[in-house]
Amino acid sequence: MNEQSENKQESPDQLSEILLVLDKEKKKIQAVTGIDENGKLETVDANKKNQNQFMRIDKHGDLFSNFFSNFFSQLKNPTNFSFFKVPAPLAIDTAKKMQKQVNNPTPEGEQLMKKHEVKAEPQQEQKQENQNKMETTQTKPEASEYRFKPEQIDWETMNNLGLNKEKLEKMNLLDPLLRGYKTNELVPVSLNLGTAVTRMDARLSLQQNNEGQVVVAIHGIRKEPNLNFEFFGHKFTKEDKDNLLQSGNMGRMVNLTNPKTGDTIPSLISVDRLTNELVALRTDKIKIPDEIKGIKLNDEQKQTLMEGKPLYIEGMISKKGTPFDANVQFNADKRFVEFLFDRSNTNKQTQSNQQSQSLEAPKTFRGKELDNEQHQKLKDGQTIYVSGLVDKKGKEYNGYITFNKETNKADFSFQNPNKIKEQVKPTDAYKTQTAVNSEGKTNEATKNIKEPLKSGQKNPDSAKQQEKQEKPAKSKGRKM
């Protein structure tokens, strides 16, 4: 897989485990999908139809222990259930065998249940609480969070690139490398090949080759993303290409093929905006936050982001405390939900045109529903007066809104913007003087004169009149 994928030789299933549960009252084995807000366990039947809903947990021991302890403490009635963790590829078959054991117990089946059963350790809850307190004061993550160790790096190769450990630490680049990520910025690289020297800006990452050795990968800047060839078995559609070029994200989940194992891996695809390199991230590595800028996400909104689609959120609060609306989307390269910004002026114009064609004036504004007449005027580009708007403190206020087709947003003003424009309308004298001051450009008042007027002059005069104005009058002495 791509450099952003965790281990090129392992599929997502091999890197995760499934949590199965035995409901002691129903005597039924099912797969866990999560816990709702009331602490009730959510499950589905463990079959192929539902396997995309199974909760996947990182297979590493420490990470699983911490997860399960926290999971168990949130459960409303934990004593009603017995839990089992099994490798993802074996989950469905193992669930069938466990169900047979529940229906018809055998010594072999009992061994199978014991082998996979997981329990919360005594005082595990308190242990987790203490660990969380420690994590808030630690400046460095635990060693288990790192994928590589400094001693695994070929520092001789790094030196040939003009880099060393001290320099990487000073630039704050060593930490993301050891975590298995690309550097979060471009690095000046000097490559000395003996008979040739090349210098370039690139992002770096650490990867394991087929022999298990850690090597340095150089991600150079490309002129544009390569979208005309298949990407791990996926052929880009016109819509895919447009999305990647405009927002940097493809906007949908696709199945990519691991070239070594042939496994299909559900993934999202984005463009590295620093290098124009295509980046894929497995969907089981996606983490969607519960809240974005003060807005709590519901399950439907989270699912939209999980599938890589853009999501429009209203009423978010900026750092300055002002409300704003925006589109957000998960970025596979950055590995988090980002606010959508256009990549260039050309893309900005293209996207603006497409949005203005596909979107129309809103039917509601800041919680106030517009009537049909107001909505139609807003769509026609007219300014409308709206009363009964309510701020965060519950205080009502009124104002004017106009739909801006370029930004696809309704602009608000306490004063009528049309009257403001009339108040600042320029006078004819101002227009004439502007023409004079602009290198002799002509307008209606100046188009018939051959030479440009001088700065400060409003009307064309004859040469004699001009000369007379410039020369002082001669004194006529007293007549004797």
>> Could you check segment 304-319 and list, in sequence order, the residues that are assigned to a loop (DSSP other than H, G, I, E, B) and among the small types (Gly, Ala, Ser)?
In response: 308, 318
>> Condition first: under 29 Å from residue 259 (Cβ atoms) and among the polar types (S, T, N, Q). Now tell me which residues in segment 171-197 satisfy that.
In response: 183, 184
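Can you pull out the residues in segment 298-316 that are open to solvent by 30 Å² or more (accessible area, probe 1.4 Å) and closer than 15 Å to residue 253 by Cα? Explain how you work it out, then say what you get.
Within segment 298-316, the first condition is being open to solvent by 30 Å² or more (accessible area, probe 1.4 Å), and the residues that meet it are 298-304, 306-307, 309-310, 312, 314-315.
Across segment 298-316, the qualifying residues are 302, 303, 304, 306, 307, 309, 310.
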> When residues of segment 320-340 are filtered for being open to solvent by 40 Å² or more (accessible area, probe 1.4 Å), touching a Ser or Thr at 6+ places or on another chain (Cβ under 7 Å) and either within 14 Å of residue 291 (Cα to Cα) or not in a loop (DSSP other than H, G, I, E, B) (or both), how many remain?
Replying inline: 1
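Quick check on residue 398: is it modelled with pLDDT of 85 or more, loosely packed, with under 13 Cβ neighbours inside 10 Å and in contact with a Leu (Cβ under 8 Å, 6 or more places away or on another chain)?
Values: modelled with pLDDT of 85 or more: yes; loosely packed, with under 13 Cβ neighbours inside 10 Å: yes; in contact with a Leu (Cβ under 8 Å, 6 or more places away or on another chain): yes.
Taking the combined requirement at face value, the residue satisfies it.
Could you tell me whether any residue of segment 118-135 is open to solvent by less than 80 Å² (accessible area, probe 1.4 Å) and either farther than 30 Å from residue 84 by Cα or at pLDDT 80 or above (or both)?
Taking segment 118-135 as the starting set, the residues that turn out to be open to solvent by less than 80 Å² (accessible area, probe 1.4 Å) are 118, 120, 124, 128, 130-132.
From the residues that got through so far, the ones that are either farther than 30 Å from residue 84 by Cα or at pLDDT 80 or above (or both) too are 118.
Looking through segment 118-135, at least one residue is open to solvent by less than 80 Å² (accessible area, probe 1.4 Å) and either farther than 30 Å from residue 84 by Cα or at pLDDT 80 or above (or both).
Taking the options 370, 311, name whichever one is over 25 Å from residue 275 (Cα atoms), of a type in the set (A, V, I, L, M), in contact with a helix residue (DSSP H, G or I) (Cβ under 9 Å, 6 or more places away or on another chain) and at pLDDT 90 or above. Break it down stepwise before answering.
Values: 370 fails: at pLDDT 90 or above.
That would be 311, the only listed residue that is over 25 Å from residue 275 (Cα atoms), of a type in the set (A, V, I, L, M), in contact with a helix residue (DSSP H, G or I) (Cβ under 9 Å, 6 or more places away or on another chain) and at pLDDT 90 or above.
Yes or no, residue by residue, for (1) assigned to a helix (DSSP H, G or I); (2) at pLDDT below 80:
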| position | (1), (2) |
| --- | --- |
| 3 | no, yes |
| 25 | no, no |
| 39 | no, yes |
| 49 | yes, no |
| 66 | yes, yes |
| 70 | yes, yes |
> Taking segment 268-292 as the search range and keeping residues that are hydrophobic (A, V, I, L, M, F, W, C), in contact (Cβ under 8 Å) with a residue 60 or more places away in the chain and open to solvent by less than 30 Å² (accessible area, probe 1.4 Å), which one is farthest from residue 201 (Cα to Cα)?
Replying inline: 268
> Which residue pairs have Cβ atoms under 7 Å apart, sit 6 or more places apart or on different chains, and have a first residue in segment 86-111 that is touching a residue at least 40 places away in the same chain (Cβ under 8 Å) and a second that is outside any helix (DSSP H, G or I) and surrounded by fewer than 15 Cβ atoms within 10 Å (Cβ to Cβ)?
Replying inline: 92/47; 102/27
> Which residues, counting only those in segment 377-393, are open to solvent by 80 Å² or more (accessible area, probe 1.4 Å) and modelled with pLDDT of 85 or more?
Replying inline: 382, 385
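From 267, 205, which residue is at pLDDT 90 or above, under 27 Å from residue 56 (Cα atoms) and of a type in the set (Ser, Thr, Tyr)? Write out each step before concluding.
Values: 205 fails: at pLDDT 90 or above.
None of the others qualify; the one that does is 267.
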> For residue 8, are the conditions met, namely being modelled with pLDDT of 85 or more and part of a loop (DSSP other than H, G, I, E, B)?
Replying inline: no
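The values are calculated or read from the model by the stated rules, or taken from the named source; none is laboratory data. These numbers come from a predicted model, not from an experiment. Backbone-built Cβ (ideal geometry, glycine too); neighbour counts: all protein chains shown. Heavy atoms of the whole protein, side chains included, go into the accessibility calculation; ligands, DNA and RNA do not. Shrake-Rupley method; radii C 1.70, N 1.55, O 1.52, S 1.80 Å.
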